[in-house]
Amino acid sequence: MMQSKPDNTEEETLSITVWLAGRSYRIRIKPEEESAVRKAVKLADQKIMELRTHYAGKDDQDFMAMCLLTYAADTAIETFNNPLLQEELNKLSKKIDKALKTTEE
């Protein structure tokens, strides 16, 4: 009989405080993710400071939204331009074309 592993979610996470746009945020992460999370927060904070210098009269909420939108757009472009994704999309397109030709005949 298999025994289920107890849920140790609390034990497997680390509580850290990060600063973004002058505000502190307490978050829980896996210990092995700490370096990547801190790097991401630092990059986001730098982007927000850059946006502040280019767009006067906005509040921090606007800058955080603009930072998130920039990240999402960059990620989408990066994902779409991935050669493996393009190859899979081409294969799928050929299958669709073949299926459509078969139904037309």
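When you go through LYS42, LYS47 one by one, which is the residue that is within 16 Å of LEU68 (Cα to Cα) and either touching a helix residue (DSSP H, G or I) at 6+ places or on another chain (Cβ under 8 Å) or of a type in the set (Phe, Trp, Tyr) (or both)? Give the derivation first.
Numbers: LYS42 fails: either touching a helix residue (DSSP H, G or I) at 6+ places or on another chain (Cβ under 8 Å) or of a type in the set (Phe, Trp, Tyr) (or both).
The unique qualifying residue is LYS47.
Scan (1) modelled with pLDDT under 90; (2) part of a helix (DSSP H, G or I); (3) loosely packed, with under 13 Cβ neighbours inside 10 Å for the single condition LEU51 breaks and write down its number.
Looking at each condition in turn, LEU51 falls short on (3).
Regarding ALA72, is this residue over 19 Å from the mean Cα position of the chain (by Cα) and either at pLDDT 80 or above or part of a helix (DSSP H, G or I) (or both)? Full working, then the answer.
Details: over 19 Å from the mean Cα position of the chain (by Cα): no; either at pLDDT 80 or above or part of a helix (DSSP H, G or I) (or both): yes.
Spelling it out, it is not the case that ALA72 is over 19 Å from the mean Cα position of the chain (by Cα) and either at pLDDT 80 or above or part of a helix (DSSP H, G or I) (or both).
So GLU32 clears everything in (1) more than 20 Å from ILE16 (Cβ to Cβ); (2) more than 14 Å from the chain's Cα centre (by Cα); (3) of a type outside the set (S, T, N, Q) except one condition, right? Which one?
The one condition GLU32 does not meet is (1).
Looking at (1) in a helix (DSSP H, G or I); (2) surrounded by 12 or more Cβ atoms within 10 Å (Cβ to Cβ), which one does LYS98 not meet, given that it meets all the others?
The number of the failed condition is (2).
The values are calculated or read from the model by the stated rules, or taken from the named source; none is laboratory data. Owing to the predicted nature of the structure, the values given are computational and were not obtained by experimental measurement. For neighbour counting, all protein chains shown are included, and Cβ atoms are generated from backbone atoms with ideal geometry for every residue, glycine included.
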